[in-house]
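Notes for the one structure printed next.
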Amino acid sequence: MGQALRGYLGEVCKRLIEYDPDIVEIVQFGSSVYAPELSRDVDLLVVTKRVKEYEGYLDAANSGDSPVDVDVLVFSVDDRPKEELLRAVLGAFEVLYGSGEQLLRYARELGDPTFEEAKSSLRVASSLLRLALETSNPLDRDRLCREAFDALFHAARIASMVYSSIDVGRWGLIKRGLPEPFKKNFNEFIRVLHIDFFYNGNYPKDKVEEEFHRWYEKVEKYIDDLEARVKKELRGQAMK
């Protein structure tokens, strides 16, 4: 992230705290953390002792001279965000204000991911593509296609988390836990499926079905190979 944007987020935090002095943590997450040079906006998770009017948070986060759009999710300390959201936050984050203890508590409450979850994401990806191909509206079709490719990425991410025994799922930690060639493959899934195809929309629109199935097979093999490796390692441990 550039220094100018980092400085702006510091000002955003100040305005948010002025609006809501009960805030205990402000966490930046998503693409502005793991791919700042490609990100189009900034996502913030705000945890407060008592939630105020939501419009006030948005106004505080987006000034008239804002260099980037800022989306804000607000929860009270007694709330528990949905697991899917928590995994997205914990995938790549930076604590801008507070100790991070609230985020750590959320992480400890997450269940362990499974290979079945990864395979479920594969099935969802196929369903999204089928829906896209049946859709005549070009904007709807584009959105569904991008979501389909991103669901493939998330399938690979979940499988990587299972192998690495990392329930938090920060991508940097995942990659360090993966052996080759899985690490190289996972980097490719991030770069192509998540960044180029989903965020930038640069998938081949004239042959989307062919391209989707090509990547589907690569991700499916990645998951199957990881699962086979885990089973082999578990058998080896049981025989010791």
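Label sites at residue 14 and residue 221, each approximated as a point 7 angstrom past Cα along Cα to Cβ, lie 5.4 nm apart. Entry note, the stretch 17-104: relative contact order of 39 percent, from Cα contacts under 8 Å with a spacing of 6+ residues. If both residues of a DSSP beta bridge must be in the chain, then about 55% of such bridges are antiparallel. Using 0.36 nm per residue and subtracting the Cα-Cα separation, the extra length available between residue 105 and residue 49 on full extension is 18.7 nm.
In degrees from 0 to 90, rounded to the nearest 10, what is the angle of the helix 138-164 Cα long axis to the longest principal axis of the chain? Taking the Cα atoms of the chain, the angle to 138-164 is about 80 degrees. Taking all Cα pairs closer than 8 Å and separated by 6 or more residues, the relative contact order of the chain comes to 17 percent. Within the listed set 164, 76, 31, the residue fluctuating most in the Gaussian network model of the chain (springs between alpha-carbon atoms under 10 angstrom) is 76.
Readers should treat all values here as calculations from the given coordinates under stated rules, not as data from a laboratory. Bear in mind the structure is a predicted one, so any value in this text is a computation, not a measurement. Please note: Cβ atoms are built from the backbone with ideal geometry, for glycine as well, and neighbour counts cover all protein chains shown.
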